[in-house]
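Notes for the one structure printed next.
The values are calculated or read from the model by the stated rules, or taken from the named source; none is laboratory data. Remember, it's a predicted structure, so these values are computed and weren't measured experimentally. Note: ideal-geometry Cβ built from the backbone for every residue, glycine included; neighbour counts use all protein chains shown.
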Amino acid sequence: MIRLAKLSVFAFFAGVCAAASAGDSGHLTADQMAKAARTDSFSIPTPGELFAALGKPGKTNWSGQYRGPIPVTYRNRAQIALNLGGLIADGFIAVEAKDGQQVKNIGADIIKLAKALGVSEKLLGRGSSINEFAEHNEWDTLQEELEATQNEVKSAMQSHADQDLVILVTLGGWIRGTQVVTAAIVKDYSENNARVLRQPALVHLMQSKINEISPELRGEPLVKGVSEQLGEIEKLVSFPPTKAPTVDEVRKINQAVSKMMTEIESKDLPK
């Protein structure tokens, strides 16, 4: 039953994140991730794919990667979208930790932020059902409800006219996912896992995606700051393909993305 629950909830969060991405990129191993980072065009990996690239299931202390609750009363739409992506990554963490209560908590926050971006009332009703089924451990019913939710989330996001926000949701998920992955590698360092972080083409792709959004949104201080910091992160993940970053170099990447997450979460937007 635990495995069924994990797969079901994973489908829910995967549906949200996949809908925000340019397309489905499949399940990436550490080697596939490294190869993908050397190409010029590919889909941005979901947080779940980043976590899967770590390998060795059961070894990572996923519950140790939880963060405290974030505000869900943001008014800036760009900030809402970035934080929605981060919450989706948190959902993947809860699934990996097999933590039903955490899944329920994060799911509720995702629904709140998604509602602020104009998600349908029907989808909000499904979110309430997910909480109810998780509360009573009705895993079989939860699986059916989450599969339906996944399809509805995809439909809602694909029909959304604001592609700018879709880009920011995807970016927020990658930033939070990378924060978690780098923290896990620092805690249990191995060269093989550290090689996953060589992603200069991926970071460059995200910068190019930011350049595609509207000038008005791109000029907002938060979005502008994230874009500028991606330039610094690109340098940090541009180590030679034959060399794994040291634990200190991984720590620097973690510090850089953690700084971005702090700014994204903050209720005090940069001026």
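Regarding S155, is this residue at pLDDT below 90, of a type in the set (G, A, S), part of a helix (DSSP H, G or I) and under 21 Å from L84 (Cα atoms)? Answer is yes for this residue.
The residues in the stretch 205-260 that are touching a Pro at 6+ places or on another chain (Cβ under 6 Å) and without any contact (Cβ under 8 Å) to a residue 24 or more places away in the chain can be counted, and the count is 0.
Residue-level analysis places I44 outside the set of residues that are at pLDDT 75 or above and touching a Ser or Thr at 6+ places or on another chain (Cβ under 9 Å). Examine the stretch 233-247 for a residue that is among the aliphatic types (A, V, I, L, M) and within 18 Å of L165 (Cα to Cα), and state whether such a residue exists. So far as the stretch 233-247 goes, no, none of its residues is among the aliphatic types (A, V, I, L, M) and within 18 Å of L165 (Cα to Cα).
Here are some conditions: (1) surrounded by fewer than 22 Cβ atoms within 10 Å (Cβ to Cβ); (2) at pLDDT 80 or above; (3) farther than 27 Å from Q163 by Cα; (4) not charged (D, E, K, R). N76 meets all but one. Which one does it not meet? Condition (3) is where N76 drops out. Taken as a whole, the condition of being among the hydroxyl-bearing types (S, T, Y), at pLDDT 85 or above, in contact with an Asp or Glu (Cβ under 8 Å, 6 or more places away or on another chain) and assigned to a helix (DSSP H, G or I) does not apply to S129.
May I ask you to verify whether S258 is at negative phi and modelled with pLDDT of 95 or more? Yes; evaluated as a whole, the condition is true for this residue.
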